[in-house]
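Worksheet: one structure, shown below.
The values are calculated or read from the model by the stated rules, or taken from the named source; none is laboratory data. Because the structure is a prediction, the values reported are computed rather than measured. Remember, those area values only see protein heavy atoms, side chains included, never the ligands or the DNA or RNA. Shrake-Rupley method; radii C 1.70, N 1.55, O 1.52, S 1.80 Å.
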Amino acid sequence: MSLFTFAVLALLAVGSAAGMLLRKNPIHGALFLAINLSAVAALFLTMRAEFLAAVQIIIFVTGCAGPRR
């Protein structure tokens, strides 16, 4: 993995995590959470950990679906 790719994905993950914590609007926080989880999944893919990336995406999708009534 190139250093540039890692730096971009790491900055995206850290920046979106900070944005998620600092926003008062819950919709903006949820969007930053989506960016954060996607960046972490991309970091897993760059490390050739496809299973962990898939689990990360599955957790993201099931978390967005919410609880069933």
Tilt, helix 50-65 to longest principal axis of the chain (alpha-carbon atoms), in degrees rounded to tens, equals 20
Helix 26-46: inclination vs the chain longest Cα principal axis, degrees, rounded to 10, gives 30
Excluding ligands, DNA and RNA, the carbon-plus-sulfur percentage of the accessible area of the chain with a 1.4 Å probe reads 74
To the nearest 10 degrees, the tilt of helix 3-22 (Cα long axis) against the first principal axis of the alpha carbons of the chain is 20
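Please compute the length gained on full extension between ILE57 and ALA10, using 0.36 nm multiplied by the number of residues separating them and subtracting their Cα-Cα distance.
Taking 0.36 nm per residue and subtracting the Cα distance, the gain is 15.2 nm.
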